[in-house]
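Please treat every number below as a calculation from the coordinates, not as lab data. Not measured: the values here are computed from a predicted model. In this analysis, Cβ positions are derived from the backbone assuming ideal geometry, glycine residues included, and neighbour counts consider all displayed protein chains.
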Amino acid sequence: MIEITEKEFKQLAEYIKSNYGINLKEEKKVLVNGRLHNVLIENNCSSFSEFFNLLYNDKTGKLPIQLINKITTNHTFFMRETDHFYYFRDSVLPYLKHKITDKDLRVWSAGCSSGEEPSTLAMIISDYFGKEKLFWDTKILATDISDRVLQKAKKGEYLNEELASLPLEWRRDYFRRINNESSVLVDNIRNEIIYRKFNLMDEVFPFKKKFQVIFCRNVMIYFDNKTKTELVNKFYDFTEPGGYLFIGHSESLNRGSTKYKYVRPSVYRKE
C-alpha cells in the first residue's frame, strides 16, 4: 500500500479545498489513502507526490475527474429527509402555482448525486399539476461535480430494493421494470430533468434566470464556514424573491450573516 505522508495529505487537502471547496480533515487521511491507492497504481505512480506532479501537469482533465470521483461520497437514497418533500408538495408548490404568472417553474437540485432527489421532485411535480402540467415548464436542473454519479443519474436505473421507500403508485406509474432486480424511470419523468456537471466553487454561476427553489442538501457539511457563507450568498443572488432554499437536516445557516429568512429547520426563504 502506498502511504500518504503528512506533507502530501496537506498538499492534497489544499488542492481539494482550493478547487472544490471540500474541507478534508486530518481524520479522513486513512480513508482518502485507501480510496486513492488504486488511482496511483493505474497511473503508474509510486508516491502521492508523483501523482500530484501528474495532476498539476494534466492537460486532458482526466486526472482531476478521477480524483474528485474518489474523494466525494455521494451517499443518497430515495425520500431522504422525507419531510422536505412533503413541505415542497404541500406548501411550496401551492404558493408558487399562484405566484408564478408565466408558468415557468425553475427548480435546481445542486449536488444531485445519482439522481434520486431530482427524480423525486419531478414525480411530485407531475402528481401535483396533473393535466395542468402540459401548460407549465417544470424542467429541473440537476448538477453535480462527479461524472460517475451523473452518468448513473442520466440512465435513471435503480435496484428495485432502492425503490421500496416510494409510494406504490409511483413505482407503478413512474418506473418500468427491467427485470427482477432493477427498474428504470419512465421517459416523461427522465425528460423533466436536465443533468449537468457543475462545480459550486465556480466564481460565476452561468444561469440566465433565477430559481424559485434550490435544493442543496448535505453538500455544505464538507465546507468550512467561509466557503459555506460565500456559496449561500450566491444561492441567494440566484433565488427569486419568495423562493426557497432547502439544506440538509444536519446543516444550518447563520441567521446573522444570511439574508435568507428562516422558515423551519433546514428550510429558508428569500423575501
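Observations on the model:
- HN-Hα J in Hz across the range 87-103 - Karplus 6.51, -1.76, 1.60, θ = phi - 60°, x for Gly and Pro: 5, 4, 6, 8, 10, 6, 4, x, 5, 5, 4, 8, 7, 7, 8, 9, 6
- Sorted peptide list for 122-129, 186-193, criterion being average Cβ within 10 angstrom, highest first: 122-129, 186-193
- DSSP beta bridge pairing in the chain, given as percent antiparallel to the nearest 5: 40 percent
- Calculated FRET efficiency for the pair Thr60/Lys7, C-beta based, R₀ 35 Å, to 0.05: 0.85
- Cα-based Rg and Dmax for the range 82-269, where Dmax is the largest Cα-Cα distance (Å): 16.4, 52
- In this simple spin-label approximation, Glu162 and Asp127 carry label points 7 Å from Cα along the Cα→Cβ vector, and these lie 2.0 nm apart.
- Across the range 194-208, computed HN-Hα scalar couplings (Karplus, 6.51 cos²θ - 1.76 cosθ + 1.60, θ = phi - 60°) run 9, 8, 9, 7, 7, 9, 5, 8, 4, 4, 10, 7, x, 8, 7 Hz from first to last residue, x flagging Gly and Pro.
- Entries of Lys29/Lys208; Lys154/Lys261; Lys209/Lys259 with Cα pairs more than 30 Å apart: Lys29/Lys208; Lys154/Lys261
- In order through the range 251-268: 3J(HN,Hα) via Karplus (6.51 cos²θ - 1.76 cosθ + 1.60), integer Hz, x for Gly, Pro: 10, 8, 9, 6, 5, x, 10, 9, 8, 5, 9, 5, 10, 6, x, 6, 10, 10
- Dividing the helix sum by the residues of the chain, where each DSSP H run of 4 or more adds -39500 (n - 2.57), gives a mean residue ellipticity at 222 nm of -11500 deg cm²/dmol.
- Oblate is the label for the range 225-271, because the ratio a/c of its alpha-carbon gyration tensor axes (a ≥ b ≥ c) is 1.5 or higher and a/b is not greater than b/c.
- Other-chain or far-sequence residues with amide H under 5 Å of Phe175's (modelled H): Val186
- Between Glu50 and Val30, the FRET efficiency estimated from the beta carbon spacing at R0 = 25 angstrom works out to 0.80.
- The packing ranking of peptides 79-92, 217-230, 138-151, highest mean first, is 138-151, 217-230, 79-92, where packing means the average number of other beta carbon atoms within 10 angstrom of each residue.
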